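The values are calculated or read from the model by the stated rules, or taken from the named source; none is laboratory data. What you see is a predicted model, and the numbers here were worked out from it, not measured in a lab. Positions of Cβ are generated from backbone atoms using ideal geometry, with glycine treated the same way; all protein chains shown enter the neighbour counts. Just the protein is used for accessible areas: all its heavy atoms, side chains included, with ligands, DNA and RNA removed. Shrake-Rupley method; radii C 1.70, N 1.55, O 1.52, S 1.80 Å.
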Amino acid sequence: MALHHIDCPWKPSAIEQREGRGLRQGNQNTEVAVYRYVTKNTFDAYLWGVVENKQRFISQVMTSKELARNCEDIDETVLNFAEIKAVASGNPLIMEKIQTDSEATRLRVLKAAYDGKRYMLQDAFLVQYPKQIAAKEKELKSIQGDIRERNAEMAKNASFEITLLDMKFTGHKEAGQELRRILAGIKLREVEKIGTYKGFTLSVQRNISCDVLRIHGNNRYDLEIKESDTGNMVRLENLVNGLDKRAEDRQEKIKICHTEMKNAEMEYRKPFPYEQQLKEVLKRQAEINTRLEIREDEEHVGEMQEKEPSDKGAQEKEASEKSLMDHGTVVLPMAAVRSGI
């Protein structure tokens, strides 16, 4: 029916193991009360703080979230340990400090993600997109030059005509058979120039996976050589005739790059949406930290003023009691913390 934590273990797993004796299948009680006992102004606060920090990192690792260099203090178990630590501290400001610190950590993580994204956006519109646009414009210029060369040759002779090893072929099948014969005499991985077609220089390369027909102009176009002799020549013809479509595709990609570059710059200019909230939380965090430091100093001063001894015997008695308290010998009232399960 109930579990009692008289002390704080060194690891969160020890707490889980203890509670597992009651919070398990087979327990006939529908509810189990869990009590954690802490003593104000003692080492308990430090122990629960240690367990809290360990659980924070364990919870981050054991979730499906992507791991970051810093772990967030967002787990319910972490907050439970933090509450116990606050009770043990005996200071109500500690609870607000824990909540403020947690919110500050969350906002800092968001700010770090914002800064990281902003850096990538800046690199995108200043470096990456301009580089892509320049490369695509250069390729487009080469394709357009090849189109002009092809059109000039087509004006002379629009029909199919290819030269292979100084022999001209006007039939697809015969030209394909000659290409196959040429390939048979080329060594593996060798590149050899074999002829021309519509102003383009042709070469072949033998590879383990597939043989490649290369069409050289201002740009280079690769065509995989397949089993059909006629099909290889038809595909060569279609590739050269389809350069206009390839040029249009490059123009569209350049246009997309310009649009994405503009969008990246606009996104880069957007401010951090939680900037004001982060400033307010950090300000409150600093105020709480300052108040905690001042309060501790004031308590020590107040104790010294209230406990001024009237004689030497009283002084010795008070010194003796203070020594016992400093060493944890004096037992302070216990605080029972109950959490519904």
* **Selected residue [at pLDDT 90 or above and open to solvent by 70 Å² or more (accessible area, probe 1.4 Å)] from ALA155, ALA134** => ALA155
* **Checklist (1) over 19 Å from SER142 (Cβ atoms); (2) surrounded by fewer than 16 Cβ atoms within 10 Å (Cβ to Cβ) applied to MET233, failing item** => (2)
* Asked: Do any strands (runs of 3 or more DSSP E) entirely within region 160-265 hold 1 or more residues that are under 22 Å from ARG148 (Cα atoms) and hydrophobic (A, V, I, L, M, F, W, C), and if so, which?
  -> 162-164, 200-205, 211-216, 220-225
* **For ALA14: the one exception among (1) under 30 Å from ALA113 (Cα atoms); (2) at pLDDT 85 or above** => (1)
* Asked: In region 19-56, how many are assigned to a loop (DSSP other than H, G, I, E, B) and either buried (at least 19 other Cβ atoms within 10 Å of the Cβ) or polar (S, T, N, Q) (or both)?
  -> 7
* Asked: Would it be correct to say that ALA152 is out of contact with any helix residue (DSSP H, G or I) (no Cβ under 9 Å at 6 or more places or on another chain), in contact (Cβ under 8 Å) with a residue 40 or more places away in the chain and of a type outside the set (Phe, Trp, Tyr)?
  -> yes
* **Every residue from region 4-13 that is open to solvent by less than 30 Å² (accessible area, probe 1.4 Å) and either farther than 17 Å from ILE98 by Cβ or not in a loop (DSSP other than H, G, I, E, B) (or both)** => HIS5, PRO9, PRO12
* Asked: In the list THR163, THR170, which residue meets the criterion of being farther than 30 Å from ASN53 by Cα, open to solvent by 60 Å² or more (accessible area, probe 1.4 Å) and of a type in the set (Ser, Thr, Tyr)?
  -> THR170
